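One structure below.
No lab work stands behind these numbers, since they all come straight from the coordinates. As the structure is a prediction and not an experimental result, all values here were calculated from the model. Here the Cβ positions follow ideal geometry from the backbone for every residue, glycine too, while neighbour counts run over all protein chains shown.
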Amino acid sequence: MQNTSYDAELAVLINRYATPLAILLTILGIALSEPTGSVRIASIALLVFGIVFNSAALSAMKRDTGTKPWFMELRMGINVATNITLVYLLGTTWPPIWLLLALTPIATAVYSTRTQTLRVSATMSFFLIAVHAARHLNSPEQWGEQIAYVVFILFLSLLINDLAQIAKLSKAKWNISP
């Protein structure tokens, strides 16, 4: 049985680091790649939505220490959809935006099982490749870059998951409270 209070604490901790990184990547993408027209408007709207949504979700998690798993899954789903859209919109002019798709597997690795971490890593890798294919980038160098990103997502997520599992075992062994 999961400790939802502990899971909520982990979600708050992850939010402390992942949200500012996502905001920074998006602001830099908008400011430096200077998208125009509907791409600019949609990117700014998604940025504002993400900030407001995650602030409200974080506030709700802090108020309700018994946050339900479905709430955290809904939050993750909304963030994934937002991030995929931003990667699609800004990916050709701001290549580092792909890192948005690494955030979900990394976050999942902190509080979930190895199997779940692999599933989320594979899903996000699929979306990364799908966005890449949708933009019709076809050179071997571009595909090689995407493969390197996929391997990064997979290996870093598994490393973090292994470290998190070791930390949980150490906590249990030494009877350390969360």
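Okay, here's what the table says:
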item	result
Among 101, 61, 117 - extreme Cα towards positive end, dipole of the stretch 52-131, charges at beta-carbon	61
The stretch 46-85: radius of gyration and largest Cα-Cα distance (Dmax), Å	10.5, 31
Signed unit charges on C-beta, dipole axis of the chain, positive-most listed residue 157, 82, 128	157
Per residue convex hull volume, Cα atoms of the stretch 23-75, in Å³	73
Residue-averaged [θ]222 nm for the chain, counting only DSSP H segments that reach four residues, each worth -39500 (n - 2.57)	-29000 deg cm²/dmol
Mean separation of Cα contacts under 8 Å, 6 or more apart, over the residue count of the chain: relative contact order %	23
Paramagnetic reach from residue 32 (point 7 Å along Cα→Cβ, amide N under 15 Å) across the stretch 94-112	94-100
Electrostatic dipole magnitude of the stretch 1-154 [Cβ: Lys, Arg +1; Asp, Glu -1; Cα centre; debye, to 20]	260
